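No lab work stands behind these numbers, since they all come straight from the coordinates. Here the structure is a predicted model, which means the values were calculated and not measured. Every residue, glycine among them, receives a Cβ derived from its backbone with ideal geometry; neighbour counts consider all protein chains shown.
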Amino acid sequence: MKKVVITCSESVSDKTYEHICRRFGERCGGELSFEKKVSKELVGGFTVAVDGRIYDMSIKTQMEMLKKHMNEG
């Protein structure tokens, strides 16, 4: 059984959390065990850790990527 740890901001609703679980269930397949963690450090968004990989969908990371992209142009 794969363990999936979803770390989210306090603003992520239960409905959104369930959607994230469902999507990663479809992506990973097999038997999964989900664990939810709430981080006050996250302004918004979430991160997912599964099989040693981190999927970072946090607002902070998205803003950093946008800033980097704007500076390249």
Open item on the list: Taking θ = phi - 60°, what integer Hz values does the Karplus form 6.51 cos²θ - 1.76 cosθ + 1.60 yield along segment 44-52, in sequence order, with x for Gly and Pro?
Closed with: x, x, 7, 10, 10, 10, 8, 6, x
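Taking the alpha carbon gyration tensor of the chain, what are the square roots of 5 times its eigenvalues, largest first, to the nearest whole Å?
Those come to 25, 15, 10 Å.
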Task: Amide H partners (placed H, <5 Å) of GLY44, local residues excluded - done: ILE59, LYS60
Task: Relative contact order (percent, whole number), segment 2-72, Cα cutoff 8 Å, 6+ residue spacing - done: 40 percent
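Give me the net charge for the shell around LYS40: Cβ to Cβ below 14 angstrom, other residues only, Lys and Arg +1, Asp and Glu -1.
Net of charged neighbours comes to 0.
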TODO: Show the residues, 5+ positions off or on another chain, whose built amide H is closer than 5 Å to the amide H of VAL38.
DONE: CYS8
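Run through the chain and list the GluC sites (Glu not before Pro) located in a DSSP loop whose Cβ has at most 12 other Cβ atoms within 10 Å. Write out the running numbers ahead of the final one.
Numbers: sites: GLU10, GLU18, GLU26, GLU31, GLU35, GLU41, GLU64, GLU72; in loops: GLU10, GLU31, GLU41.
Loop-located and lightly packed - GLU10, GLU31, GLU41.
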Task: Nitroxide proxy distance, nm - points 7 Å out along Cα→Cβ at GLN62 and LYS40 - done: 2.4 nm
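As an exercise, identify the trypsin sites (Lys or Arg not before Pro) in segment 38-73 lying in DSSP coil whose Cβ has no more than 10 other Cβ atoms within 10 Å.
Values: sites: LYS40, ARG53, LYS60, LYS67, LYS68; in loops: LYS40.
Here the sparse-neighbourhood loop sites are LYS40.
Once you charge only the Cβ atoms, +1 for Lys and Arg and -1 for Asp and Glu, what is the size of the charge dipole of the chain about its Cα centre, to the nearest 20 debye? The partial results should precede the final answer.
Details: 13 positive and 11 negative charges, 5 e Å.
Dipole magnitude for the chain comes out near 20 debye.
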